[in-house]
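The values are calculated or read from the model by the stated rules, or taken from the named source; none is laboratory data. Small disclaimer: the values here were computed from a predicted structure and weren't measured. Here Cβ is always computed from backbone atoms with ideal geometry, including for glycine, and neighbour counts include all displayed protein chains.
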Amino acid sequence: QENRTDGKTIYGLRTRTLTYIPNAQGTLDIPPVTLNWWNTRQDKPASTTLPAWQFTVQPGAASDAMNEVQETRPQAEDTVQNNPRWLIVGGGILLALVLLWAIGVRRAKRQQRAHAPVTDKNGLPAIEQPHPTDRKSALCELEKACAANDRHTAAQALLKLGHSYWPDDPPHSLSALAARIETGQTPLRELDRSLYAAETTDWNSSTLWDVFKHGLQEKKAAGQHYDGGLKPLYPGSL
């Protein structure tokens, strides 16, 4: 993903590639994908949903290999009936073919499991998470970013700080982080909005630091969080 501009407007471009290695025939469903951003013209959050896809998986080559083994058996039986001396030889050849086929199928299944994409609870490819982030380090990065009025680095530091609180289910966007804390939603929305606006947009970094300089205040009754399984357009491209 990358940021582009035509001299007047800044826009983001993101490409996601999915690779599926099915091990059985049938129908494969890819769930819809929702993209969230801040609409600077209407000054409010907006979202777009890409429709779900459906594919039909045809039978693989394993069935053809089984048919070849089954067709070989009558030929071996005819040879044995015509010449009993080939009983042991014919049986050995047949056994070798079956063993080779079994070994090939087993190896193919291992390769499929090794290369199959890991998915999350929503059926989307799971996003590789970084190692647990130290809160003190994240707060230091946030303080430096606010002192330099660097909104992109500040957003990245906030997500790192959120990862230190929820290492098993970290928020992937500022809006997802805002849904998990008791206070600080307003400065988070202002920062999120400024990321999608022009570079000259004013942003009050001192207010953000005053709210989060002691860390995050988690909600007392936290429910199940869902970020859509997607990294944000900003600041993921930082």
Top-ranked residue in segment 22-51 [being small (G, A, S) and under 30 Å from R189 (Cβ atoms); ranked as surrounded by the most Cβ atoms within 10 Å (Cβ to Cβ)]
A46
Provide a single number: the residues in segment 23-60 that are modelled with pLDDT of 70 or more and part of a loop (DSSP other than H, G, I, E, B).
13
Please return the ranges of helices (runs of 4 or more DSSP H) entirely within segment 133-202 where 1 or more residues are among the polar types (S, T, N, Q), touching a helix residue (DSSP H, G or I) at 6+ places or on another chain (Cβ under 9 Å) and surrounded by 17 or more Cβ atoms within 10 Å (Cβ to Cβ).
151-165, 174-178, 185-195
